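The structure appears below as structure tokens.
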Amino acid sequence: MALSRIEQVGLQVLKGHQWLYEKTGGKVGHKLLFGNPTLLLHTVGARTGQQRTNALTYGRDGDAWLVVASNGGAPKAPAWLHNLRANPDADINVGPRRTPVRARVTLPDDPDYARRWEIVNGVNANRYTAYQKRTTRQIPIVELRPR
């Protein structure tokens, strides 16, 4: 699926946002773009064993952070989901605070999925509904709970 010019520019903006978030140690970047709360997810590459970091918008459900493995509605899930399936122990930065978490992947057959979809979709102005329409794969929600 080829990206439109607007989507290409959007990806560059997101990369700049993540760079700023990382370089300031979380002091800048938590709510930089459009006011959406953003965390940094730190995983270990499933194949490489190298540290990986992704900036992701999130919703809250009790003490859990919820992130969506949408990959913009692409046919393939994002690499960070593969990494979490291989090793569910990760860290997140919410602002400057780093927290160790354990990931649990949920799909629409999970009893909490619909309610959680409303949480994360609402935080992101219904963006995930549009992404789900672009793909036939079921987009997972990943629960990140403190360990």
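Please determine whether any residue of the stretch 30-46 is of a type in the set (S, T, N, Q) and farther than 26 Å from T135 by Cα.
To start, the set of residues in the stretch 30-46 that are of a type in the set (S, T, N, Q) comprises 36, 38, 43.
Going one step further and asking which of them are farther than 26 Å from T135 by Cα, we end up with none.
No, the stretch 30-46 contains no residue that is of a type in the set (S, T, N, Q) and farther than 26 Å from T135 by Cα.
Taken over the stretch 77-97, the criterion of being in a helix (DSSP H, G or I) and among the basic types (K, R) is satisfied by R85 alone.
For (1) surrounded by fewer than 19 Cβ atoms within 10 Å (Cβ to Cβ); (2) assigned to a helix (DSSP H, G or I), each residue gets a yes or a no:
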{"position": "T99", "(1), (2)": "yes, no"}
{"position": "R104", "(1), (2)": "yes, no"}
{"position": "D109", "(1), (2)": "yes, no"}
{"position": "V120", "(1), (2)": "no, yes"}
{"position": "Q132", "(1), (2)": "yes, yes"}
{"position": "T136", "(1), (2)": "yes, no"}
{"position": "R145", "(1), (2)": "yes, no"}
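For beta carbons closer than 8 Å, sequence separation of 6+ or different chains, a first residue in the stretch 108-121 that is farther than 11 Å from E143 by Cβ and a second that is hydroxyl-bearing (S, T, Y), the qualifying pairs are W117/Y128; N121/Y128; N121/T129.
State the number of residues belonging to the stretch 2-53 that are on the phi > 0 side of the Ramachandran plot and modelled with pLDDT of 90 or more.
Within the stretch 2-53, the subset on the phi > 0 side of the Ramachandran plot is 25-26, 29, 34-35, 49.
So of that shortlist, the ones also modelled with pLDDT of 90 or more come out as 49.
Here the count works out to 1.
Going by what's in this entry, would D61 be described as touching a Pro at 6+ places or on another chain (Cβ under 6 Å), modelled with pLDDT of 95 or more and surrounded by 15 or more Cβ atoms within 10 Å (Cβ to Cβ)? Criteria not met by D61.
The values are calculated or read from the model by the stated rules, or taken from the named source; none is laboratory data. A quick note: this is a predicted structure, and the numbers were derived from the prediction, not measured. Please note: Cβ atoms are built from the backbone with ideal geometry, for glycine as well, and neighbour counts cover all protein chains shown.
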